[in-house]
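The values are calculated or read from the model by the stated rules, or taken from the named source; none is laboratory data. All values derive from a computational prediction rather than experimental measurement. For neighbour counting, all protein chains shown are included, and Cβ atoms are generated from backbone atoms with ideal geometry for every residue, glycine included. Keep in mind that these areas ignore ligands, DNA and RNA; they rest on the heavy atoms of the full protein, side chains included. Shrake-Rupley method; radii C 1.70, N 1.55, O 1.52, S 1.80 Å.
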Amino acid sequence: MAIRVRRRALGAPWWLMMVIVAGSAVIIFALVRTAMAQETVDHEALAAQTASGVSQEMTRSLSRAYTPTVAAEGFIASTRDAIATSGRSEQQALESGWPLYVAPMTEYLGDALLDFQLSPEAIVTYSARPEQNAAALGHNLLVDDERRESIIAAISSRGPIVAGPLDLIQGGRGLIIRQAVFLPGLEPFAARFARASGDTTDYPWLARIPDDFWGMASTVIDFDWLTRSLGELPTSGMRVGLYTVEPDGSAGEVLWGDLPRDAPSMAQQDVVLLDGSELLVRVDYPPKPWWNSWPLIVAGVAVTVVLLILTQIAYRAQRRNQLGFTFSESIRDLTTHEEVLEALSTFLSGIYPGIRGRITSPEPQHHVVSIPVSDESTEEDDDTRKHLQWRVTQSGELQCIIDIDERGPFRVGELQDIIRLVQRILGASLAALGREGHLERRVAVDHLTKVYNRTQLVPAFERLHDEAARSNSLLLVACLDIDDFKAVNDTRGHLFGDRVLQDLADTLMRSVRSSDAVVRFGGDEFVVLASVESYIQAADLCRRIQDRATTSLTSQAHGERTISVSLGYVTVAGREPANLESLLMQADSALYEVKESGGAHVREARPESRDSIR
């Protein structure tokens, strides 16, 4: 079974629609990329702002936590001044003054303060929260291999040092801010250390500690408290991380946050601790996937669909105007119904190659034109198919009927649109030609017999002579009349005579082709002009005309009398020059001879050129 491709004559071409779709896709893609790029810029700015905020919050919290450590040196110095006036020992003075000192510190820092410790000779002796930190009391920081170097570093720097976050002996995770306390006029440190610790070992690191070193003041801050305040910052949609810093400046251990150390980041910020060491804040604001731009994509698709629809509408209107103009131009100069119908057939075939059907005009024209014009399928074949039919009318009068095989290569709705487009033009043209033809027929046609009158003899002769010349055939000129027609009129009356003339004209028209010509020359005399292929065909045609006419006319008299016809003719080659008057005289002469010999038969006039004709 053959696949029928249905053409779209009015629809915009596929390549134009594809160009629009492709162009729209490129624009939508560019807009999404631009939106995503702008979103990335915005995210980078927010990430930088967040990193700065985390760093500032961390610095602010550490500064607040450093308060007890800074105040410790003043507390110890004031205690030693009190010893001189009270006579109490240092230990007694510290023990009595300690609760008064740590109470406001504990209230100020609240839950953030895990502990505040004083460590004379680097041995943890006093705790702001002794119950929670009992395990830390008595801990010798210098003997502790893990903490010794950081203690000595703090002593050497004579400034604060931050350690951690560390897992604390007393439990939990803390950030420790240590400050070495120095006082003048102290005993050598080695002696004081041995007395306080009960350890007389001569450690090599003792020589690194100056004698004015009194001990350590340490603030232990809950690291989770520090990071809890960081979590309260606006970080929606972002991943944030707080890290130690490796020697090469890269992120080290993750101290807080949900951003892995090896994950990319949009912004980072250093957090400078009290001792000059650093932590690193990294922030990443992952871009949203492209499908999160669905409002923009949906809007772009909607605009594309609207653009496609508008393109179809505009193209359809333009195409309709173009087709209407093309068809109107194709029939503008045509002068016959058949030419107009053939132009319509050519028009439809040009739009839809492979379309099949026929166009029929009613009487009196009665033309049948196939679609395409060159289609040789029979009318019977067409009748076996299902057809789509349109009736073209003008002012209520039927002008033609268009039948189209419904299996053609078209969309039915589109074909209907095209037919409606040409119907008005076609109807007006056929109606105008019909009016012109009617006027021409009134002038050219004998009103009684409905065949050509004498005025059309010369045009018909010239047309048929040209046709015979083109086809290298013969032109037949025959003159005939009714034998003793006057007697028929006298005995049966003129009305009967008129019917006889009408019957003779009908018989002549049925005996020749539609392209041949029958002319009423005058009275009961008729002239037949016909194109024939040979002299034998010419003779057969004339005998057939005479025989049919005699039989038909006799039947009009109902057997009461024989009404016969006499005929004389001449045949001339179409390629030879011919004179109508001369040929009529020859045919009329042959007719006269028939009459002289009794009538009711056929005689040929033989021109001198006969021997040269095939």
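In this simple spin-label model, placing a label point 7 Å from the Cα along the Cα-to-Cβ direction at both L448 and A35 gives a separation of 9.2 nm.
Shown here for the range 525-566: GluC sites (Glu not before Pro) in loop regions (DSSP other than H, G, I, E, B) with at most 13 other Cβ atoms within 10 Å, namely E533, E560. Counting only alpha carbon atoms, the long axis of helix 90-109 and the longest principal axis of the chain meet at about 20°. Here the extension length gained between E581 and A557 equals 5.2 nm, from 0.36 nm per residue of separation less the Cα-Cα distance.
Each principal axis of the Cα cloud of the range 516-579 was evaluated for its coordinate range; sorted largest first, these ranges are 47, 26, 17 Å. Using C-alpha pairs under 8 Å with a sequence gap of at least 6, the mean separation divided by the residue count of the chain gives a relative contact order of 11 percent.
Once the cut-off is 35 Å, how many percent of the Cα-Cα pairs in the chain end up in the long-distance tail? Of all Cα-Cα pairs in the chain, 69 percent lie more than 35 Å apart. The trypsin sites (Lys or Arg not before Pro) of the range 87-192 that DSSP puts in a loop, and whose beta carbon has at most 13 other beta carbons within 10 Å, are R158.
Taking θ as phi - 60° and the Karplus parameters 6.51, -1.76 and 1.60, the scalar couplings of the range 346-359 work out to 5, 4, 5, 5, x, 6, 10, x, x, 5, 9, x, 8, 10 Hz in sequence order, x denoting glycine and proline. Net charge in the neighbourhood of P120 (other residues with Cβ under 10 Å of its Cβ; Lys, Arg +1, Asp, Glu -1) is -1. One Cα centroid belongs to the range 194-264, the other to the range 24-91; the line between them spans 14 Å. Please give every one of the lysines within straight-line cross-link reach of K486, meaning a C-alpha to C-alpha distance under 27 Å, and leave out same-chain neighbours fewer than 8 residues apart. Partners within reach: K450, K595. Between F182 and M17, the simple spin-label model (points 7 angstrom out along Cα→Cβ) gives 8.9 nm.
Once you sort the root eigenvalues of the Cα gyration tensor of the range 463-520 as a ≥ b ≥ c, which label holds: rounded (a/c under 1.5), prolate (a/b larger than b/c) or oblate (the other case)? Here the range 463-520 falls in the prolate category. What you get for the range 1-74, charging only the Cβ of Lys and Arg (+1) and of Asp and Glu (-1), is a dipole of about 1040 debye around the Cα centre.
Coupling constants for the range 228-242 follow from the phi torsions by the Karplus curve (6.51 cos²θ - 1.76 cosθ + 1.60, θ = phi - 60°), and in residue order they are 5, 5, 5, x, 7, 6, x, 10, 4, x, 9, 10, 10, x, 10 Hz; glycine and proline get x. Computed over protein heavy atoms with a 1.4 Å probe, the accessible surface of the chain works out to 52 Å² per residue. In this calculation the C-beta distance from R606 to R332 is compared with R0 = 35 Å, giving a FRET efficiency of 0.10.
Full extension of the chain between E232 and A432 gives 62.9 nm of extra length, using 0.36 nm per residue less the Cα-Cα distance. Taking 17 Å as the straight-line reach from the Cα of K288, the aspartates and glutamates in range (excluding those fewer than 8 positions away in the same chain) are E39, D42, E44.
Counting Lys and Arg as +1 and Asp and Glu as -1 over every other residue whose Cβ lies under 10 Å from the Cβ of E187, the net charge comes to +1. Checking every one of the GluC sites (Glu not before Pro) in the range 216-293 against DSSP loop status and a limit of 16 other Cβ atoms within 10 Å picks out E232. Under the simplified labelling scheme, the E397-R510 pair shows an inter-label distance of 2.8 nm, with each label point 7 Å from Cα along Cα→Cβ. Taking the range 483-526 and a reference point 7 angstrom along Cα→Cβ of A539, no backbone N atom is nearer than 15 Å. Taking each residue as 0.36 nm, the span from R88 to E596 lengthens on full extension beyond its C-alpha to C-alpha distance by 164.3 nm. Share of carbon and sulfur in the accessible area of the range 163-303 stands at 55%, probe radius 1.4 Å.
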